[in-house]
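Down below is the structure, laid out as structure tokens.
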Amino acid sequence: MQKEQIPVKRIAAWSISLAFLLLALSPPVAMAEDSSITINASLSSDFVLSVSGRLQAASGTPIGGAPLTVSISDIEVANVTTSNNGEFGFAVPVPAQLQQGRQRLTIRFAGQGDYAPTVAAAILAFSEPESSAPPPPTEPQATPTPAAVPVVIEASISPLTVSPGDLLQIQGTVKTADGKPVRGTDVQVFFDDVPQPDSTVVTNDKGNFTTYAQAPEDIQPGKTKIVLTSTGSSPGTLTKTLTVTESEAVDETDAAPTPSPAEAEPTTPQPTQAPAADSDEKPVSTPVTATVDGMPKTDPMSWFFVTLTIAGGLAVVVTLSLAIYGLRHAQRKWQQDRLFGDD
């Protein structure tokens, strides 16, 4: 009597199919994608700021329904939400105390879902108010002298080569001599011993800080010093050297340059308040260039997905091992039955 042969190929096929099924069910590891903001802004003669732009991922995918916070020189003026194609637009009046000199426009995205947070900044130029008498000269303020218990300031400045009026980003940490972070201390920026307005920042719980400073319009080409000082109960000083280049002269009668097709971004035009018919004033449009800083962020759920993927891989290895063991055992039994079955 001949014994029925074990379906070895069928067992192997089932084992391989089960392994591929477990791998397919393992979720991929999700990482937050970088994002960026583009800005187009203009100012009317009655100090109404019109802004339009676009929020998109590093891959070019528009980010819709994302909340954005708009500030002028650290004063929040608007909160907007992007449309389905990632575009946004709004018009707001500029606060009276900011309607002169050069002010910083900042638009922040706090991150959402699979997209990392980012921030865009630009300079708004306002005409100086007319005055019959020249303002009194201001005396340079000396850099504060460190006290008996100094702290250590570590910072990075970008860029290190600037032109008059350029915006600099400064990030750093304030620590004690033994490396402990100093929180709640003020850090201010000086250009050649002259304090820069709106540059003072307070360190967080980890002693970190981020601030911006604008290169003075009257700064001379060549080498210049930028000094960071911490005041109060934890004084300290950090000095770095910048390279100043001459700024290119711009003819105000020339038309604004037309962006290339690669640089052009689709924007939604926003209505602005038109001047009266009998008025000689004309809207003044000030094109600005956005400076974008992005910071990648890892999704907290990534560790869960990694663990689940490893578990699925172990299950595949165990299943294949059991299948191979079963095949070998079945072959040995079949050979024994052939040798001793006729007896």
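Exactly one residue out of 247, 260 is at pLDDT 60 or above and in a loop (DSSP other than H, G, I, E, B): that is 247. With respect to being at pLDDT below 85 and either assigned to a strand (DSSP E or B) or in the same structural domain as residue 125 (by TED's automatic domain parsing) (or both), residue 255 falls outside the description. Which members of region 74-120 meet the condition of being buried (at least 19 other Cβ atoms within 10 Å of the Cβ) and of a type in the set (Phe, Trp, Tyr)? If the condition is that a residue be buried (at least 19 other Cβ atoms within 10 Å of the Cβ) and of a type in the set (Phe, Trp, Tyr), then 88, 109, 115 are the ones that fit. One residue stands out in region 181-195 among those that are assigned to a loop (DSSP other than H, G, I, E, B) and under 26 Å from the mean Cα position of the chain (by Cα): the one that is nearest to residue 166 (Cα to Cα), namely 185.
Among the conditions (1) over 29 Å from the mean Cα position of the chain (by Cα); (2) closer than 20 Å to residue 160 by Cα, the only one that residue 235 does not satisfy is (2).
Checking 275, 271, 283 one by one, the residue that is in contact with an Asp or Glu (Cβ under 6 Å, 6 or more places away or on another chain), modelled with pLDDT under 50, in the same structural domain as residue 162 (by TED's automatic domain parsing) and in a loop (DSSP other than H, G, I, E, B) is 275 and no other.
Of all the numbered requirements in (1) within 19 Å of residue 240 (Cα to Cα); (2) surrounded by 13 or more Cβ atoms within 10 Å (Cβ to Cβ), residue 161 misses one, and that requirement is (2).
Quick grid of which residues meet (1) part of a loop (DSSP other than H, G, I, E, B); (2) touching a residue at least 60 places away in the same chain (Cβ under 8 Å); (3) under 20 Å from the mean Cα position of the chain (by Cα):
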site: 174; (1), (2), (3): no, yes, no
site: 179; (1), (2), (3): yes, no, no
site: 198; (1), (2), (3): yes, yes, no
site: 204; (1), (2), (3): yes, no, yes
site: 209; (1), (2), (3): no, no, yes
site: 216; (1), (2), (3): yes, no, no
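Report yes if residue 193 is farther than 23 Å from residue 123 by Cβ, surrounded by fewer than 17 Cβ atoms within 10 Å (Cβ to Cβ) and of a type in the set (Asp, Glu), otherwise no. Criteria met by residue 193.
The values are calculated or read from the model by the stated rules, or taken from the named source; none is laboratory data. A quick note: this is a predicted structure, and the numbers were derived from the prediction, not measured. All Cβ positions, glycine included, derive from the backbone under ideal geometry; neighbour counts span all protein chains shown.
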